[in-house]
Amino acid sequence: MTRRVAVTGLGVVAPGGNGTKAFWELLTAGRTATRPISLFDAAGFRSRIAAECDFDPAEAGLTAAEVARMDRYVQFAAVAADEAWQQAEMDLADPWRLGVCTGSAVGATTLLERDYAVTSNAGADWLVDARLASPFLHRALSPAALAAEVADRVGARGPVRTVSTGCTAGLDAVGHAARLIEEDRADVVVAGAAESPISPIAVACFDAIRATSARNDDPAHAARPFDLDRDGFVLGEGAAVLVLEEWEHARRRGAVVLAEVAGFATRSNAHHMTGLTAEGVEMAEAVRRAMDQARLGPDDVDYVNAHGSGTRQNDRHETAAFRRVLGARAYEVPVSSIKSMIGHSLGAIGSIELAACVLALTEGVVPPTANLDTPDPECDLDYVPHTARERDLRAVLSVGSGFGGFQSAVVLTRARRS
Amino acid sequence: MSPVVTGLGVIAPSGIGVGDFWPAVRDGHVALGPVSRFEPNPYPVVVTGEVSEFEPEGWIDPRITVQTDRFTHFALAAAGMALRDAELDPRTVPPFEFGVVTASYSGGVEFGQREIERLWKDGPEHVGPYQSIAWFYAACTGQISIGNGLRGPSGVLVADEAGGLDAIAAAAGELRRGAKAMLVGGAEAPFCPYSMCCQLGLGLLSTGEDPTTAYLPFSYRANGFTPAEGGAMLVVEDEEAARARGVDVRAVVAGHCATYTGTQRFDRSAEGLLRAAEGALAEAGVDAADVDVVFLDALADRRADAAEAEAVRRLFGDRADRVPATAPKAGYGRCYSGAAVLDVATAVLAIEHGTVPPTPGVRDCRFDLDLDLVTGAARAADIRTALVLSRGQHGGNSALVLRRPEPIQGGN
């Protein structure tokens, strides 16, 4: 018997507003949350803009002890998990059947860098002074801490782990969580991803490979996926958490089912750690497998949430992938990138995009691609420029590409009676 | 469909490659030694497990060597060894059906410390172009995929030590969904100053100064574990595909289960380990009575050891003091995400050789634990079913069951 996977809770911490409601308002209004970096002094960096969360951990309900213990990305996840768990109104008899699967690409970069600066005397000493380290530094070394903190909040005793496949981690974490349910290893899995990479080392990393936008004089219009005048992605931060639940489990307790995780697949391009091919063969393959699992064909896909990072290479890569796998449907189906509004939060963004897809299904609205003023002639699909569209959606596809060559695809469908 | 192990690639302080590793582990050699990865050593941990003989030359394309951290050098070299051991040419596998899953714990910290030093000392323009791909946790999976042309389903799991077993289970899951072969494992290179600084906070590292007594799990003198570098990669295949190409099936990955009992609450892990073991055995379709050997997590913390022994006791009941249990890692250290993968590799070798390797160094296993801890010399044993236990620093408990393959039936 196939075990189906329902989404019964949703929580978001994102640039431009915290909580699912503020997040959705931003997206449907087509507003951008990209701005000059305020989290550190970015003078001297090539890219000095980002999509930052206005996040006060105390206001968001975290205790002083939690704030001290958790790196910023863990705080995001904790708050998003609280919102999702509350919405799910979970009634679970057996904590050993409750799992957690979180995603992150770079983990506790912020805390690792802060304590590095302290213990190394601002970079002067190779042999860092361990006596100056925060007592919680060991929790920063491994992103397993992210899953553990979420597990402690919901009382999970089942499988608890983090998926760290670079920028597809947010999709892969939800996909992996769905499989834990499908394979009968859990009945409920709190799934999602978080990232807070807006720190000097991460910004310098992307400066070094010129992946990020240097449109420092016009940050509100810097994230421009599919636009001819794009110059890279804008770094973001945030978290999204979805409560995944075995379909019958949700039905028996009368839970409100927001959507179904109907398909997931990932493939690798075996091509380059950061580069993408012009053909998009592997992404197309991942999409085809995810659609197969969902038993859907190209004509069933009503919306594609693109990776849409706003690099020329990506935009052409995935446009080619969509043409390859969706055929004529690629030209009919709306394709948009919410990174145009909330930036690219690396490992978190896949889960945030899935949250947007769940809302698109429940609200019947396709979020737009902001800043798409001059379409790149090589990107010839309908990218939903500027303005959200009302549309009855039954099945949506979300894709991602990650450093390391990862190509992932998730298919969500509107909740329907079993 | 059964996932089976067909190739082993091992890089450990005890030896590079199975040919060196197995005799050292079987004979209970202690491969721990003084810290040499950085000097002087200002930290209280003075004994570690280093793979001192390993140099990337000869294993890795020099262009890739400079783009990657030592943990990825280990993973790439181990992956190459595993492929050769399995006699598997990736080009013979359907293009989208050969994937890679690695477990990770600390990522490419040494590379990361060098680059972050440049940033803080000299400025952002001095950070090199490879920091973004060398430091992050997905570096090994990505490089193994690219280096070997593997375009199948791939992943990176982080559950610290337990993640090694979770990764093997994830790879087995991909085979059940249709993949034909997977490279899976984990490697760790946690010995730069900043990484050591982070690990000290765990409060579980041994500060013993004598390599022969630094890491003594289940002993009255247990006083923390010795961290190590290294790891292992395995080739895991669909059994039919392996048999069809005429390669030896080394072991069957028969069952897995993971639980969680709280970050650094190893005292609470008894119930979690027990349930993980029971779940893994159930998936394997065998009973606790069928288990012939247990590879222990062996944190060498008094309460953690007691909790693990309690799990074993509750699993086996009256039989607990008669099931051989062992912790070969006491001889070479605990290499985080690679630790449990090395245990799985050792379990495969133990099954093949009918030999349970000892727990080196330990002579005084605590009587109150009721464990049949194999100490001193290796013990001959007919092993059909092996149970591997692992706990992660953040509270995961995982168990994996390996079974000896059934001999191919004769006749037609």
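State to the nearest 20 debye the size of the charge dipole of the range B:255-403 about its Cα centre, where the only charges are +1 on K and R beta carbons and -1 on D and E beta carbons. Walk me through the numbers before you get to the answer.
Details: 17 positive and 21 negative charges, 71 e Å.
The calculated dipole for the range B:255-403 is roughly 340 debye.
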| query | Based on the inverse mean of 1/r over its pairs of different Cα atoms, what is the Kirkwood hydrodynamic radius of the protein assembly as shown, in Å? | reply | 26.1 Å
| Once a ≥ b ≥ c are taken as the square roots of the eigenvalues of the Cα gyration tensor of the range B:3-244, is the result rounded (a/c under 1.5), prolate (a/b larger than b/c) or oblate (a/b not larger than b/c)? | oblate
| For the range B:255-403, what class follows from the C-alpha gyration tensor (a ≥ b ≥ c being the square roots of its eigenvalues): rounded when a/c is under 1.5, otherwise prolate if a/b is larger than b/c, else oblate? | rounded
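Can you give the mean number of other chain Cβ atoms that lie within 10 Å of the Cβ atoms in peptide A:89-98? If you can, show how the numbers build up before the last one.
On the way: counts 0, 0, 0, 0, 0, 0, 2, 8, 0, 1.
The per-residue average across the peptide is 1.
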| query | Quick one: Debye curve from the C-alpha atoms of chain B, no solvent, what's log10 I(q)/I(0) at q = 0.10, 0.13, 0.14 Å⁻¹? | reply | -0.60, -1.03, -1.20
| Which of rounded, prolate, oblate describes the range A:6-107, given a ≥ b ≥ c as roots of the alpha-carbon gyration tensor eigenvalues and a/c under 1.5 marking rounded, otherwise prolate only if a/b is larger than b/c? | prolate
| Taking each residue of A:148-161 in turn, how many C-beta atoms of other protein chains fall within 10 Å of its C-beta, and what is the average? | 6
| field | the range A:324-418, relative contact order [Cα under 8 Å, separation at least 6], % | value | 28 percent
| message | For a protection proxy built on the mean count of beta-carbon atoms within 10 angstrom, sort B:349-362, A:152-165, A:339-352 highest first, please. | response | A:339-352, A:152-165, B:349-362
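Round to the nearest 0.05 the FRET efficiency obtained for B:A289 and B:D364 when R0 = 22 Å and r is the Cβ-Cβ distance. Write down the numbers at each step before the final one.
Values: r = 29 Å, r/R0 = 1.32.
Computed FRET efficiency for B:A289 and B:D364: 0.15.
Defining a contact as two alpha carbons under 8 Å apart and six or more residues distant in sequence, what relative contact order in percent does chain B show? Intermediate values should be presented prior to the final figure.
Details: 1089 pairs, mean separation 95.8, N = 412.
Reported as a whole number, the value is 23 percent.
Give, to the nearest whole percent, the P(r) tail of chain A beyond 43 angstrom, counting all Cα pairs.
Numbers: 5846 of 87153 pairs.
The proportion of pairs with Cα distances above 43 Å equals 7 percent.
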| Protection proxy ranking of B:384-397, B:234-247, B:106-119 - average other beta-carbon atoms within 10 Å, highest first | B:384-397, B:106-119, B:234-247
| request: Hey, could you get me the Stokes-Einstein D for the range B:156-277, Kirkwood radius over alpha-carbon pairs, 4 °C and 1.567 mPa s, rounded to whole µm² s⁻¹? | output: 75 µm²/s
| remark: Ranked output for segments A:381-388, A:217-224 by mean other Cβ atoms within 10 Å, highest leading, reads A:217-224, A:381-388
| query | Using a cut-off of 12 Å between alpha-carbon atoms, which aspartates and glutamates can reach B:K121, once sequence neighbours fewer than 8 places away in the same chain are excluded? | reply | A:D125
| said: Averaged across B:391-402, how many Cβ atoms of other chains sit within 10 Å of each residue's Cβ atom? | reply: 4
| task | Take every DSSP beta bridge whose two residues both sit in the range B:3-244, then give the antiparallel share in percent to the nearest 5. | result | 60 percent
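FYI, it's all coordinate maths here, none of it is from the lab. Just so we're clear, the structure is a prediction, and the values are computed from it rather than from any experiment. Note that each Cβ is placed from the backbone with ideal geometry, even for glycine, and that neighbours are counted across all protein chains shown.
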